[in-house]
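Trainee: Pasting a structure below so you can have a look.
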Amino acid sequence: MSFELIFFTGLVTGLIGGLHCVGMCGPIALSLGYSNPGFLQALIYNFGRAVSYSFMGLIFGFIGNHLALTGLQQSISIVAGILILLIFGMQYIFKNKPWLISHWYRSILQTLKDFVARPKSKWFSFELGVVNAWLPCGLVYLALMTALASGSPWSGAGIMFFFGLGTIPLMLLFMLSGRKVLSIARINYQKFVPYFILMMAVLLILRGLNLGIPYLSPGTNVGVQCH
């Protein structure tokens, strides 16, 4: 993937997901006692999230690369889209999280609580962001499936890093203004998120089907590229 495509894919997904992060992850940071941070602390915290996302993208891109070498790149895109749809169905239609995700959420949340209870080091903001990034999130799943379908560790890491950067502006606004903007994050926007996830999942599936539609679903001779 070109740098421009990596930048655009990750950043746009992050910008669209920014209000979702404010509505879901922001209150967790405040509830853990991390309220009223200074600008630098808030920026470092969010940079820590971006670093964790990059590491996740590196892993998923590495897996996607090895699968692509076996000629399964088209299948990767289809499977990634189906996985997103399955998680989407559990979380947004049936209002339920798969057991593994629920267990993971409780584990990470407890880790965050234990971390906050410890004496705070000068790296506290960064470390809290690094840990918080591992909380289950539908938009993170979407970005990770895109990283998987990218077929390259560095493309995957880049997509996830720019995804993290894209979420920073609104997260900074939320953390610096406290709960004043929380209601804004929940007004109608949360209703839009499932449709965005659904659209991207369908796009990944179409990419893998090689229907011969330029840009949307290129033919086999063009190859699969992830947008």
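Trainee: Can you tell me which residue among Ser31, Ser35, Ser52, Ser2 is hydroxyl-bearing (Ser, Thr, Tyr) and modelled with pLDDT of 75 or more?
Mentor: On the way: Ser31 fails: modelled with pLDDT of 75 or more; Ser35 fails: modelled with pLDDT of 75 or more; Ser2 fails: modelled with pLDDT of 75 or more.
Within the list Ser31, Ser35, Ser52, Ser2, the selection yields Ser52.
Trainee: What number of residues within the range 169-193 satisfy the criterion of being open to solvent by 20 Å² or more (accessible area, probe 1.4 Å), at pLDDT below 75 and in a helix (DSSP H, G or I)?
Mentor: Residues in the range 169-193 being open to solvent by 20 Å² or more (accessible area, probe 1.4 Å), at pLDDT below 75 and in a helix (DSSP H, G or I): 12 in total.
Trainee: Would you mention how many residues in the range 101-151 are assigned to a loop (DSSP other than H, G, I, E, B), buried (at least 22 other Cβ atoms within 10 Å of the Cβ) and more than 16 Å from the chain's Cα centre (by Cα)?
Mentor: Step one: filter the range 101-151 for residues assigned to a loop (DSSP other than H, G, I, E, B), giving 118-123, 133-137, 151.
With the extra rule that they be buried (at least 22 other Cβ atoms within 10 Å of the Cβ), the set shrinks to 133, 151.
So of that shortlist, the ones also more than 16 Å from the chain's Cα centre (by Cα) come out as 151.
Number satisfying all stated conditions: 1.
Trainee: Is there a residue in the range 152-168 that is modelled with pLDDT of 80 or more and in a loop (DSSP other than H, G, I, E, B)?
Mentor: Initial filter on the range 152-168 (modelled with pLDDT of 80 or more): 152-168.
When the remaining residues are screened for being in a loop (DSSP other than H, G, I, E, B), the result is 152.
Within the range 152-168, one or more residues are modelled with pLDDT of 80 or more and in a loop (DSSP other than H, G, I, E, B).
Trainee: In the range 97-115, what residues are modelled with pLDDT of 75 or more and touching a helix residue (DSSP H, G or I) at 6+ places or on another chain (Cβ under 9 Å)?
Mentor: The answer is Ile108, Leu109, Thr111, Leu112, Phe115.
The values are calculated or read from the model by the stated rules, or taken from the named source; none is laboratory data. Keep in mind the model is a prediction, meaning the values are calculated, not measured. Ideal geometry is used to build each Cβ from the backbone, glycine not excepted, and the neighbour counts take in all protein chains shown. Ligands, DNA and RNA are excluded from the accessible area calculation, which covers all protein heavy atoms including side chains. Shrake-Rupley method; radii C 1.70, N 1.55, O 1.52, S 1.80 Å.
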